[in-house]
Structures are given as structure tokens and as C-alpha cells.
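K.L.:
Take this structure, written in C-alpha cells, and hold onto it; I'll ask about it next.
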Amino acid sequence: MRLRGIMMLLTASFFWGTTFVAQIVGMEGLGPYTYAALRFALGVLCLLALWLAYGGKRAQMRRAGTYRSGFRAGVSVGLAMFVGVTLQQVAMIYTTAGKTAFITTLYIVLVPIGAMLLGQRIRLVNWLGAVFAFAGVYFLSAYGEMELNAGDVLVFISAFFWMTQILLIDRFARAVDGIELCLSQLIVCTIGSIVLAALYETCTWAAVRGAAAPILYGGILSCGVAYTCQILGQAYVRPAQAAVILSLEAVVAAVAGRLVLGEVMAPVQIAGCALLLAGALITQMPEDTFSRQSPHTR
């Protein structure tokens, strides 16, 4: 089961990383809120079809007394994710994509801290993996960009909401219906993005048609598949380890940018990818790798 969870989280990382390229292409003619609203709405349709397909299984669980609805829990998860996404979008007006990616991944460190404050014991290998992964994202994304501005502050705040989203999923994923949890989360993000798009952006059908392929990719694979994989995967993987695995989206984004957009990676960025991968591998070490552990590890 644990291996299944890891594979699901790696799948989510892959689709999120490749969606970074799709988002760049998709927003050439669309505003960020409009693009987000369309891809989240498409994700809702995909999850709704999956929810209907699993209707028979839910009926069996109801009869067995094991069914727990995920819709209510998904509202809080969706609110955390929506605020995180929105702060990122606004921050991009003032700061660079590299610094946005780097500061956002503060959740790699924040998640184990938050989990520890909630009473969970964090293994030493998870702390080491977080340090390696955080250093890797720095070299990959923000190397040489250390001047802070208003956008950087917004991204920093968003990292706390991504931490909250991961911890909330850890709390609910094993207790409620995972598909309903994800569907509810995407509905919240869709509604919020539609409201912001209506208030601040204009949209034409020609622009939507021009961005059809990126919208389909982001909606079906990033929202419909990846967020479902995150929720189902976190049912088997602890949040500190999940945060490091999910951060591999930065490596995937860099590789996809090189293959699709022709972006060139500097040697220091390649080193960052290596550090990120090392951090993910460290978190997979057996629990008895270190015979002497701190009071907060296991």
C-alpha cells in the first residue's frame, strides 16, 4: 500500500510539473484566473464522471456502514488550495517564476513542522530529505535571485496554505471518500476562480479556443488526475514524506521546459535536480537507518 501511495504522489508530481509548461502556453491569450477557472471546471467534470462510475461501490460501503462522505471535508481543503493558488497568481505580477517556485516549496520544511505541532513524530530521514529537497529547489529555481519584494511576501504566505492543504488531506484522506474529497476541493477552486475572473478579467471565445489544448491538459491531467492521485496517495504516505515527493514537480517542470520550450538548464540547475532527487530518495530509507534518533523522529 505504501508503494502504491508513493507511485500516486509521483504521478501527481509529473502532471503538475508538465502542466507548468501548459500554463505558460495557455495564458498567452487568457488571464490567469480565467485559465484557472476553465481548467478547474474541466477537472470537476472529470471527477464527477469518476464519482458517478463508483456509485455502486459507494452503495456497498453504505450497506456495510463504512462509507464516509468527503464533500464537507473537501471544502476546507479546497479553501486552503484556492487561497494558495490565488496568492501565487497575484504574486507573479511582481516577482519571477523562479522565486515563486522556490518560495512556494517552503512547504517542504513547513509540513513536517506543522505535523510535529499536531502531535506527529517526524523521522530524522524526513528532515534530511526536506533539507536536500529545499536546497535543490533553490539551485533549480531561484539561484542568484535574493532581493525580496511584495510578490515574494505573497508567495511566502501562500506556502502556509499549501502546508495546510497537505496536512488537511493527511487528516481526511483515510477517513472519508477520496473522490468526493477531491471533487469538493475542485468545486471550491472553480467557484473562487470564476468569481475572480468575472471581477478582474475579460475573456473571448477565440482566446478559449486558442488555449484549448493547454486547458484540456491542465484540466484533465493536472486537476482530474493529479489532485486525485495526491489525495489517494496521501492515504498511505505521511505528510512530511509526501511533501518531498510532491516537490519533484520542480524537476519535471525544468525537464519539460527544456524539451518543450527549449529552455536551457545551467549546471547549477542540474545540481538542483540532483539534490531534489536525493532528498526524495532519503525519505524512502528504512526507519531503522539511523540507530540514534532525536525525540521528534521515528
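Please treat every number below as a calculation from the coordinates, not as lab data. Note that the structure is predicted; figures quoted are calculated from it, not measured. Don't worry about glycine lacking a Cβ; one is built from the backbone with ideal geometry, like all the others, and counts go over all protein chains shown.
K.L.:
Could you calculate the FRET efficiency of A278 with L50 from 1/(1 + (r/R0)^6), where r is the beta carbon distance between them and R0 is 41 Å, rounded to 0.05?
P.N.:
Rounded to the nearest 0.05, the efficiency is 0.70.
K.L.:
Applying a 10 Å radius around every beta-carbon, put 252-258, 18-24 in order of their mean neighbour count, most first.
P.N.:
Packing order, densest peptide first, comes out as 18-24, 252-258.
K.L.:
Going by how many other Cβ atoms sit within 10 Å of their own, how do C223, C229 line up, fewest first?
P.N.:
If I rank by nearby Cβ atoms, fewest first, I get C229, C223.
K.L.:
Could you compute Rg(Cα) / (2.2 N^0.38 Å) for the chain, with N its residue count?
P.N.:
So the chain has a normalised radius of gyration of 0.99.
K.L.:
So if we plug the beta-carbon distance of R121 and F71 into 1/(1 + (r/R0)^6) with R0 = 45 Å, what FRET efficiency do we get, rounded to 0.05?
P.N.:
0.90
K.L.:
Another question, then. So between L259 and V153, what do we pick up on full extension, going 0.36 nm a residue minus the alpha carbon distance?
P.N.:
So the extension gain works out to 35.0 nm.
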